[in-house]
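Participant: Pasting a structure here, questions to come.
Read the figures in this text as sums done on the coordinates, not as results from a lab. Everything numeric here is computed off the predicted structure, so don't read it as measured data. A quick note on method: Cβ atoms are made from the backbone with ideal geometry, for glycine too, and the neighbour counts reach across all protein chains shown.
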Amino acid sequence: MKSILKNTLLAAAVLMAAVSCTKYSATVKGNIAGLDRDAVVFEKLQFNKLSVVDTIKTDADGNFSYKVSLLNDNPGFYYLYRNDVKLAGMVLHNGDVVTVKADTLGNYSVEGSAESEHLKYVDDAFAKAAAAMAAALDENADDLNIKLSRIYINHKRDMLKHIMSNPRSITAATTLFQKFNDELPLFNESTDVLVFRSIYDSLATVYPNSEFVLALKDEITRRENLAALDSRLEDLTLQSFPDIKMNDINGKTHSLLELDGNVIILSFWSIGQTEHKLFNQELTTLYEKYHDKGLEVYQVSLDVDKPLWASTVRSQKLPWISVNDGKGVNSP
């Protein structure tokens, strides 16, 4: 009795494991013209790299059928390759039955999956734009930059229209990461983060745990952090130094901000420093050499004895702005 019960439980466990392994699946079938009992490689996109899933063999007429085990209910990107030539691409979701008709040159059609049709549209458009750029570079005409800009702008406009028309298509996520090369991403303007946010908000309601949707979230965070940093740096540029307003030896008020736009040396000194005279001599040489090129010196005295300070400025014939409020180190 114990033996029967043990065998029954073991069989149930095996059955449950088998069911769990095939809980999510899709089927890919079709024909690849020109193949006769040949093998094609079935690969999956792991966000930014392809990994081999399996090798599929066709029959004598190029027909094939393959059941794909899916890890979860999120859609995935899959491709058929032969000799490093991409024969077809598809997006597979649980329960999909996709039919592919292709040749060995990479021309194909796909049926049974709206997402796969979106992927084909996006991939074909990108391939066309990339080929146009390559052709323009080969021509190397005088208006090369104009041609490249036109191709780039037209393709971006086309892709933007497509993804905004299909915001819940998982292909919208990967389209936002398109790039012609590492230096030329398609959606790289600072305002493009709004597009990323819009698509993420749409896809997160459908596929919250998809690696492609989570990648959008990470990219949004990265771009928003960069924008915040740029904003802080801009504020620092606009307010790069505090204003100082003090009087010179003649009682005239000079503002530090009045010198904005020039190269400014802000100097703090005291006549009580034994080396001040030598320092001012060196500074005078520098000032006379570069003043005509925009160099200004705004020198603040920390002395409380204003008459003695004024006498020193006159005796040293300091040519720049020298100011003092008589408060010394207690000056605000």
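Participant: So if R0 is 30 Å, what FRET efficiency would ARG37 and TYR121 give, r being the distance between their Cβ atoms, rounded to the nearest 0.05?
Facilitator: Working: r = 32 Å, r/R0 = 1.07.
It comes out at approximately 0.40.
Participant: With springs only between Cα atoms under 10 Å, which of SER311, SER69, SER109 fluctuates most in a Gaussian network model of the chain?
Facilitator: SER311
Participant: For Cα extents along the principal axes in Å, which listed value, (i) 111, 64, 38; (ii) 109, 73, 34; (iii) 89, 64, 36, comes from the coordinates shown?
Facilitator: (ii)
Participant: Please work out whether segment 244-295 counts as rounded, prolate or oblate from its C-alpha gyration tensor, where a ≥ b ≥ c are the square roots of the eigenvalues and a/c under 1.5 means rounded, while otherwise a/b larger than b/c means prolate and anything else oblate?
Facilitator: Values: a/c = 2.16, a/b = 1.12, b/c = 1.92.
Oblate shape, in that a/c is at least 1.5 and b/c is the bigger or equal ratio.
Participant: Can you list the lysines whose alpha carbon is less than 18 Å from that of LYS44, not counting same-chain residues fewer than 8 positions off?
Facilitator: LYS29, LYS57, LYS67, LYS86, LYS120
Participant: On a straight-distance basis, which aspartates and glutamates could pair with LYS156 in a cross-link, Cα separation under 14 angstrom, same-chain partners fewer than 8 positions away excluded?
Facilitator: Within the straight-line limit of under 14 Å, LYS156 reaches these aspartates and glutamates: ASP123, ASP124, GLU189, ASP192.
Participant: How many angstrom lie between the C-alpha centres of segment 196-231 and segment 284-306?
Facilitator: Spelled out, the Cα-based centre of one part sits 51 Å from the other.
Participant: Taking amide hydrogens as modeled 1.01 Å from N in the peptide plane, which residues meet the under 5 Å criterion relative to VAL53, leaving out close sequence neighbours?
Facilitator: PHE42, GLU43, LYS44
Participant: Still on this structure: Rounded to the nearest 0.05, what FRET efficiency is calculated for LEU295 and ASN250 with R0 set to 25 Å and r the Cβ-Cβ distance? Can you show the working numbers first?
Facilitator: On the way: r = 22 Å, r/R0 = 0.89.
After rounding, the FRET efficiency stands at 0.65.
Participant: Now a separate question. Can you tell me the length gained on complete extension of the stretch SER25 to ASP73, counting 0.36 nm per residue apart and subtracting the Cα distance? Present the calculation step by step, with values, prior to reporting the outcome.
Facilitator: Working: separation 48, 0.36 × 48 = 17.28 nm, distance 0.88 nm.
Gain on extension, SER25 to ASP73, equals 16.4 nm.
Participant: How tilted is helix 114-139 with respect to the longest principal axis of the chain? Cα atoms for both, answer in degrees (0 to 90, nearest 10).
Facilitator: 60
Participant: How far apart, in nm, are the 7 Å Cα→Cβ label points at LYS86 and ALA60?
Facilitator: 3.4
Participant: If the elastic network links every pair of Cα atoms under 10 Å, which of PRO185, PRO319, PRO167 fluctuates the most in the Gaussian network model of the chain?
Facilitator: PRO319
Participant: Additional query: Under 14 Å from the Cβ of LYS101, count the other residues' Cβ atoms, weight Lys and Arg +1, Asp and Glu -1, and hand me the total.
Facilitator: -2
Participant: OK, next. Search the structure for amide H atoms under 5 Å from the amide H of MET246, placed 1.01 Å from N in the peptide plane, and list their residues when 5 or more places away or on another chain.
Facilitator: HIS254
Participant: Which of the three applies to segment 121-235, rounded, prolate or oblate, going by the alpha-carbon gyration tensor with a ≥ b ≥ c and a/c under 1.5 meaning rounded?
Facilitator: Values: a/c = 2.64, a/b = 1.38, b/c = 1.91.
Here segment 121-235 falls in the oblate category.
Participant: Averaging sequence separations of C-alpha pairs under 8 Å and six or more residues apart, then dividing by the length of segment 245-330, give the relative contact order as a whole percent. Provide the component values of the computation, followed by the final result.
Facilitator: On the way: 114 pairs, mean separation 31.6, N = 86.
With pairs under 8 Å counted, the relative contact order is 37 percent.
Participant: Quick one: among GLU296, GLU115, GLU139, which has the greatest mean-square fluctuation in a GNM of the chain with alpha-carbon springs under 10 angstrom?
Facilitator: Result: GLU296 has the largest fluctuation of those listed.
Participant: For the chain, give me the percentage of DSSP beta bridges that are antiparallel, rounded to the nearest 5 percent.
Facilitator: On the way: 34 of 51 bridges.
Just about 65 percent of them are antiparallel.
Participant: Among DSSP beta bridges lying fully in segment 12-159, give the percent that are antiparallel, nearest 5. Kindly include the intermediate steps, with their values, before the conclusion.
Facilitator: Values: 30 of 36 bridges.
Counting only bridges with both partners in segment 12-159, antiparallel ones make up about 85 percent.
Participant: Which angle from 0 to 90°, rounded to the nearest 10, does the C-alpha axis of helix 306-316 make with the longest principal axis of the chain?
Facilitator: Here the helix axis deviates by roughly 90 degrees.
Participant: Can I ask one more? Please work out whether segment 245-330 counts as rounded, prolate or oblate from its C-alpha gyration tensor, where a ≥ b ≥ c are the square roots of the eigenvalues and a/c under 1.5 means rounded, while otherwise a/b larger than b/c means prolate and anything else oblate?
Facilitator: Details: a/c = 1.87, a/b = 1.25, b/c = 1.49.
Oblate is the answer for segment 245-330, as a/c is 1.5 or above yet b/c matches or exceeds a/b.
Participant: I'd like the orientation of helix 193-203 relative to the chain: the angle between its Cα long axis and the longest Cα principal axis, in ° from 0 to 90, rounded to 10.
Facilitator: 30
Participant: Which value at 222 nm does the chain reach when only helices count, each DSSP H run of 4 or more adding -39,500 (n - 2.57), with the total divided by all residues and rounded to the nearest 500 deg cm²/dmol?
Facilitator: Values: 8 runs with 138 residues, N = 332.
Calculated mean residue ellipticity at 222 nm is -14000 deg cm²/dmol.
Participant: How about LYS245: which lysines have a C-alpha closer than 30 Å to its C-alpha, ignoring those fewer than 8 places off in the same chain?
Facilitator: LYS277, LYS289, LYS293, LYS306, LYS317, LYS327
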